[in-house]
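The values are calculated or read from the model by the stated rules, or taken from the named source; none is laboratory data. Keep in mind that what you see is a predicted model, and the values were worked out from it rather than measured. Here the Cβ positions follow ideal geometry from the backbone for every residue, glycine too, while neighbour counts run over all protein chains shown. When the accessible area is computed, the model is the full protein with side chains, heavy atoms only, and any ligands, DNA or RNA have been set aside. Shrake-Rupley method; radii C 1.70, N 1.55, O 1.52, S 1.80 Å.
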Amino acid sequence: MALILVRAMNKKKALNGLADIERHAKLSIIGKPRKVSLKSVHDVTKRVLKQEPRDDIKIAVLVKVQESTTTSIMNLRKIHPPVHVIVISEEYPEYEDLNKEFSKSKIFDGYYSSKNKSSNSKKSN
């Protein structure tokens with residue numbers, strides 16, 4: 001299981017980025033994406049990017065995916081979503097704090113998994 005941070009300029013781009021994670025990167029999102037504060041992810045973003053993060057980002061969303069960290073990174077490198085996507089591995093000191101924040105954060109409204117719909121329609125056929 002991997003933890004993925006999605007940083008976007010607006011809600012529409014965040015929703016498109018989440019859809020791209022499932023559709024194009026072929027990763028399975030577990031549960032509902034959670035909206036987190038930009039302040040709480042600033043340090044981890046700075047650490048991963050090794051530079052000061054962009055200040056035009058307005059939304060930060062955390063998701064858990066079923067696949068491993070390595071698989072998540074490899075699959076995400078092949079796509080170009082309209083958002084910043086950062087895979088947070090267990091090796092980062094911020095992983096535990098973000099994982100705790102994930103369980104306390106509000107659900108990011110508007111996202112519905114396309115995989116759930118397609119798997120239900122296959123069962124009925």
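Between residue 11 and residue 30, the contour length at 0.36 nm per residue exceeds the Cα-Cα span by 4.9 nm.
If you keep only loop residues by DSSP, which trypsin sites (Lys or Arg not before Pro) in segment 1-55 have at most 10 other Cβ atoms within 10 Å of their Cβ? Don't skip to the answer; put the middle values down first.
Numbers: sites: 7, 11, 12, 13, 23, 26, 34, 35, 39, 46, 47, 50, 54; in loops: 26, 50, 54.
Passing both the DSSP loop test and the Cβ count: 50.
Per-residue ellipticity at 222 nm computed for the chain from its helices equals -13000 deg cm²/dmol, with DSSP H segments shorter than 4 residues left out and the rest contributing -39,500 (n - 2.57). Measuring nothing but how far apart in sequence close Cα pairs (under 8 Å, 6+ apart) lie, relative to its length, the chain scores a relative contact order of 43 percent. For the chain, which span is the longest to avoid every loop-located (per DSSP) member of GluC sites (Glu not before Pro) having at most 15 other Cβ atoms inside 10 Å? Here the longest segment lacking exposed loop sites spans 1-89. Based on every Cα atom in segment 1-102, Rg and the maximum pairwise Cα distance Dmax equal 12.2, 31 Å. Our analysis of segment 34-93 gives Rg over Rh at 0.93, with the two radii drawn from alpha carbon positions and Rh computed by the Kirkwood formula.
For segment 1-102, carbon and sulfur atoms together expose 50% of the accessible surface, with a 1.4 angstrom probe and every protein chain in place.
Taking the solvent-accessible surface of protein heavy atoms with a 1.4 Å probe, what is the per residue accessible area of segment 1-115 in Å²?
On the way: 6590 Å² over 115 residues.
Computed with neighbouring chains in place, this is 57 Å² per residue.
Hey, which of these cross-link pairs are over 26 Å Cα-Cα: 39/104; 78/106; 50/104; 39/64; 11/78? Distance filter (> 26 Å) returns 78/106; 50/104. Extension gain, residue 49 to residue 66: 0.36 nm times the residue separation minus the Cα-Cα distance gives 3.7 nm.
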